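Below: the structure, in structure tokens.
The values are calculated or read from the model by the stated rules, or taken from the named source; none is laboratory data. Bear in mind that the values here come from a model prediction, so they are computed numbers and not experimental data. Neighbour counts are summed over all protein chains in view; Cβ atoms, including those assigned to glycine, are modelled from backbone coordinates with ideal geometry. Ligands, DNA and RNA are excluded from the accessible area calculation, which covers all protein heavy atoms including side chains. Shrake-Rupley method; radii C 1.70, N 1.55, O 1.52, S 1.80 Å.
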Amino acid sequence: MNTAQSPVQDYDVIIIGAGINGVGLMRELAVQGARVLLVDRADICSEHSSAPSRLIHGGLKYLETGEFRLVAQSTLERNLLLRNAPHVVHPLPTTVPVRSWFGGIVPSVRRFLRLGGKMTDRGALVLELGLQIYDFLGRHARVMPRHRLFSGARTRARWPHMSRTVMACAQYYDAAISQPERLGYECVHDALRAQEGCRVATYTRVESFHDGIVALHDLSRGQSWQARAPVVVNAGGAWIDQVNAALGVSTRYIGGTKGAHLVLRHDGLLHELDGNMVYFGTPDGRICLAYPFLGHVLVGSTDIPVSDPDAAVCTDAEQSYMLDMLGALFPGFLFDASDVIYRYSGVRPLPASNASDPGAISRDHIVHEDRLGPVALFSLVGGKWTTFRGLAEEVADTILPRLGRVRQVSTRLLPIGGGRGYPRPTDLDAHIDRFAATSTIPRERARVLFDRYGTLAVEIARFCALGPDAPLNCLPSYTRREIMFIARNEQVRHVADILYRRTTIAMSGALTPDVTHEVAGITGETLGWDADKIQRQARDAWQEAETRHHLAARENAPRFMQPEPIGA
């Protein structure tokens, strides 16, 4: 298609970047009636928004640098997400090991005064003061208990494999998100339902900006087209400066750091964690964590300056570092590379900084405004998963007057996606019983669907009942029509969208070449792909597993086979 011949599509706002900041803002604007175009060069939440520690937290360590406003906002947004997205956000009891009574007092004062210094030891006194403040700042919309401090005897009884240098421990509550990528998609789903004038253009690159028009190129279809709006928002995350350059604006807003994570298959540690996260400092002043995740253990993270976000992968050195730090805390267990079933890495889109300690760079957000002639350009720098709704609310309240609009709806108590109509914990079993009965499916299957999709499971179950269905040959916990529904209805353009983001197939350690092949075949059949495209999609999805997640290095990992043509 020739760009010059294609008509210009008009919107109220164009958002470039479908990470969590972009999709959160799309939802926020759409429920106010704005027509939004969301553009991304890949899939929804496919880049670094798919690589967090999967925590929804207030940021206890931010107290050390005096970021009280950020902690207050974060704890509020954490509490709201527990209410608005209970299908994917769950309370997480968190244990902090304590190795001394008075350690860290001087470094904590220096960090608070922005004089530098690493916290290699957070003693009981510093920790107790921090947790008292943390509880106070998190009092609004509280849904979880306050912190507690446990003695050495209780610590050793509770954590028999933990290092004997731990003299006590503190417990407080934060939250974890099991499917951040899916919640990102559900924000888009909500936006499209709220305003039919919205559009999503994934796998689409920004080419240029001229005379108020953004030139775009669909990478999958090879088509070029144009869009126009009085407001453009750059939510490109680690690529913000590159996106601005494509628009004709030179900026240096981003100076991100890389965070890598591991998923371990380790039954001993999983049993000892017993639903808790351990959140612990390391001798070099970093923070590490480990908690139960999809039947395994999620371990993180590193914090390394990075100049090229496209090259960010979890290295062998980072993996060794995290395993060593975990082994130092739990010397009663053995950890090695054979325990790692998945690893990933992302770049935190932090503001450009000359700080020598990456951990000292603020995680708060900054909104820059530039001009593209008559068009306002906003660049969303920083922020974190927990506060995406608050950031979207703030930016929307800046944009709406530019459009001659006023806020119509508050999203503060507006459920997201499958959290809409979600039952209270005491009513959950009865709700699933009714769901199973009305959907005429076994209760076990109803529970699985409800755990995966929240109340959106009702629509999926209805679709599955419309035709012959069967479990996948290579992954019986999913069915053919379940995959068909996702492919047909959830903005899917590549099979990797399903394997890595709409489901937890990859993150849960279930991804194999055979699974990749089977899901690609069903997706291709649903979307009308020919045999060659199905083969390419399967190869590309498994190549991502090898290059980004190190699956090929796993012991006994199956070799990828060329998929047979459909009908063979």
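Observations on the model:
- In segment 472-490, the residues that are of a type in the set (Gly, Ala, Ser) form Cβ pairs under 6 Å with partners that are open to solvent by 10 Å² or more (accessible area, probe 1.4 Å), at six or more places apart or across chains, as follows: Ala487/Thr526; Ala487/Leu527.
- Test: residue in segment 64-86 that is under 23 Å from His217 (Cα atoms) and surrounded by fewer than 24 Cβ atoms within 10 Å (Cβ to Cβ): no
- Qualifying positions in segment 473-501 - open to solvent by 40 Å² or more (accessible area, probe 1.4 Å) and either out of contact with any strand residue (DSSP E or B) (no Cβ under 9 Å at 6 or more places or on another chain) or on the phi > 0 side of the Ramachandran plot (or both): Asn473, Cys474, Pro476, Arg488, Asn489, Gln491, Arg493, His494
- Take the conditions (1) at pLDDT below 90; (2) in contact with a strand residue (DSSP E or B) (Cβ under 6 Å, 6 or more places away or on another chain); Tyr11 misses just one of them, which is (1).
- Boolean, Leu192 is within 18 Å of Val39 (Cα to Cα), within 19 Å of the chain's Cα centre (by Cα) and at pLDDT 95 or above: no
Every residue, every condition in (1) more than 27 Å from Thr504 (Cα to Cα); (2) in a strand (DSSP E or B); (3) of a type outside the set (Gly, Ala, Ser); (4) at pLDDT 95 or above, yes or no:
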| residue | (1), (2), (3), (4) |
| --- | --- |
| Ala227 | yes, yes, no, yes |
| Ile240 | yes, no, yes, yes |
| Ala246 | yes, no, no, yes |
| Thr251 | yes, no, yes, yes |
| Gly275 | no, no, no, yes |
| Pro283 | yes, no, yes, no |
| Tyr291 | no, yes, yes, yes |
| Glu318 | no, no, yes, yes |
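- Boolean, Ala470 is modelled with pLDDT of 95 or more, among the small types (Gly, Ala, Ser) and either open to solvent by 10 Å² or more (accessible area, probe 1.4 Å) or in contact with a Lys or Arg (Cβ under 8 Å, 6 or more places away or on another chain) (or both): yes
- Some residue of segment 139-146 being open to solvent by less than 20 Å² (accessible area, probe 1.4 Å), in contact (Cβ under 8 Å) with a residue 60 or more places away in the chain, aliphatic (A, V, I, L, M) and part of a loop (DSSP other than H, G, I, E, B): yes
- Options Asp324, Asp303, Asp339: the member that is free of Cβ contacts under 8 Å to residues at least 12 places away in the same chain, open to solvent by 10 Å² or more (accessible area, probe 1.4 Å) and either closer than 25 Å to Leu511 by Cα or of a type outside the set (Lys, Arg) (or both): Asp324
- Selection status of Gly248, open to solvent by 30 Å² or more (accessible area, probe 1.4 Å) and either out of contact with any strand residue (DSSP E or B) (no Cβ under 6 Å at 6 or more places or on another chain) or touching a residue at least 24 places away in the same chain (Cβ under 8 Å) (or both): yes
- Lone qualifier among Ala541, Ala557, Ala506 - being at pLDDT 95 or above, part of a loop (DSSP other than H, G, I, E, B), under 30 Å from Val88 (Cα atoms) and among the aliphatic types (A, V, I, L, M): Ala506
- Unique match (being out of contact with any Phe, Trp or Tyr (no Cβ under 9 Å at 6 or more places or on another chain), part of a helix (DSSP H, G or I) and open to solvent by 40 Å² or more (accessible area, probe 1.4 Å)) among Glu518, Glu459, Glu546, Glu444: Glu444
- Asp135 being out of contact with any Phe, Trp or Tyr (no Cβ under 6 Å at 6 or more places or on another chain), at pLDDT below 95, part of a helix (DSSP H, G or I) and open to solvent by less than 30 Å² (accessible area, probe 1.4 Å): yes
- Residue list for segment 276-288, filter: open to solvent by 10 Å² or more (accessible area, probe 1.4 Å) and not hydroxyl-bearing (Ser, Thr, Tyr): Asn276, Phe280, Gly281, Pro283, Asp284, Gly285, Arg286, Ile287
- The condition of being open to solvent by 10 Å² or more (accessible area, probe 1.4 Å), assigned to a loop (DSSP other than H, G, I, E, B) and either in contact with a Phe, Trp or Tyr (Cβ under 9 Å, 6 or more places away or on another chain) or at pLDDT below 95 (or both) does not hold for Ala34.
- Where Asn234 falls short, out of the listed (1) open to solvent by less than 30 Å² (accessible area, probe 1.4 Å); (2) closer than 30 Å to Ser100 by Cα: (2)
- Test: residue in segment 328-336 that is in contact (Cβ under 8 Å) with a residue 24 or more places away in the chain, open to solvent by less than 40 Å² (accessible area, probe 1.4 Å), more than 16 Å from Thr95 (Cα to Cα) and out of contact with any Cys (no Cβ under 9 Å at 6 or more places or on another chain): yes
- Taken over segment 386-418, the residue count meeting the criterion of being touching a strand residue (DSSP E or B) at 6+ places or on another chain (Cβ under 8 Å) and surrounded by 20 or more Cβ atoms within 10 Å (Cβ to Cβ) is 5.
- Residue list for segment 467-497, restricted to those being among the hydrophobic types (A, V, I, L, M, F, W, C) and either assigned to a helix (DSSP H, G or I) or over 26 Å from the mean Cα position of the chain (by Cα) (or both): Ala470, Leu472, Cys474, Ile483, Met484, Phe485, Ile486, Ala487, Val495, Ala496
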